[in-house]
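S.K.: Quick one: the structure is below, and I'll ask about it shortly.
Only the coordinates and a few stated rules stand behind these numbers; no lab work does. Since this is a predicted model, take the numbers as computed values, not measurements. Cβ placement follows ideal geometry from the backbone for every residue including glycine, while neighbour counts extend to all protein chains displayed.
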Amino acid sequence: AVVSTQSTGQHHLHHPLCFHSHTFAEMGFKDTFLPYSFYMVKFVSVFYVGKWLLPIIEHKFPHFNIHYAPLVWFECLYWFYGISHMIMDRTPNLWWGKYKVVQQESISDVQMLPNVIFNHLFLIASQIVYSTYIARGGSTEYDISIFTTLLEVAFYYLIFDLVFYYGHRFLHLPGVFEVLHKQHHQTKGSVGISGFYMHPVDYFLEGILPSFLGPFLLNGHLLSGLCYVSLNSINSPHSHGGYCFPFLPPPDNHYHHHRYYNKNYALGILDIFHSTTFTSQDGLITRGKVRMANEKSNKGVKER
């Protein structure tokens, strides 16, 4: 069961289904390969399905701008995951209820929905403008290899982490935080769609700019963009949803940011470089492992 305490005004959770390895050397199969298996399977399947399906779409619908395909795919996947989280949160008595590790939201998903929809409309408009007037028309020759696609997607994530990290740090500056970023931190990382619950300027700095810059700089292949948004589509609802499924990485990375504010600003590379990763020295176990603990007075967190 989920254990929650409020002695210091915060929720500290421990869940027996999540992973508890203390060091990288102690991690086994379930701690490394298994939690990322869904991402691996998804990347490979989207690559091969896209390689087969995109040429058919181009042939059958010649007036459709094929460069809109990643946007359409992202929206379909995001709302599938987002609505799935909303259904799971309303049916905790079913099998997925035992994997819910964070239940502390003060704002309901229904209250978040208007702002979330607005930001999605903002994303759609931005993608149309980008694809029509800014993008340089990446390759749509379908002889690209899966290895090349993987390298391009890795580059996109490197750029994403770079832009997202410094943009996120900027949003935490005094004065800026209260105006642009406080809305998002009203959420605690336990509602899937809350990843899009934010000020539109905040969303531009944390969502649109870092997501679009990598594909623009590389002018990569359409299939790379399709695989890229396929992975992104689950990351937002999963990292904010509070579920610790065995086939996905535990959601502790972003939960720790919502809890402590000055840790885990981005995907991890820049956090490591700037020593802002939440580690076992901070009281819980390292990034990628969920271990919610009781707080020891005001000096930090004591591992249970």
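S.K.: Could you give me D for the range 94-207, from Stokes-Einstein at 20 °C and 1.002 mPa s, where the hydrodynamic radius is the Kirkwood radius over C-alpha pairs? Units µm² s⁻¹, please.
M.R.: Working: Rh = 16.9 Å.
After rounding, the answer is 127 µm²/s.
S.K.: Given 0.36 nm per residue, what is the gain on full extension from residue 217 to residue 40 after removing their alpha carbon distance, in nm? Mind showing how you got there, number by number?
M.R.: Working: separation 177, 0.36 × 177 = 63.72 nm, distance 2.48 nm.
Additional length available on full extension: 61.2 nm.
S.K.: Given axes a ≥ b ≥ c from the Cα gyration tensor, I'd like to know whether the range 154-250 is rounded (a/c under 1.5), prolate (a/b larger than b/c) or oblate. Numbers along the way, then the final one.
M.R.: Numbers: a/c = 2.31, a/b = 1.18, b/c = 1.96.
Judged from the Cα gyration tensor, the range 154-250 comes out oblate (a/c at least 1.5, b/c at or above a/b).
S.K.: Extending each Cα 7 Å along its Cβ direction at residue 98 and residue 272, get the distance between those two points in nm, one decimal.
M.R.: Spacing of the two 7 Å Cα→Cβ label points: 3.4 nm.
S.K.: Grab the Cα-Cα distance for residue 209 and residue 56, subtract it from 0.36 nm times how many residues apart they are, and report the gain in nm with one decimal.
M.R.: Working: separation 153, 0.36 × 153 = 55.08 nm, distance 3.07 nm.
The span from residue 209 to residue 56 would gain 52.0 nm if fully extended.
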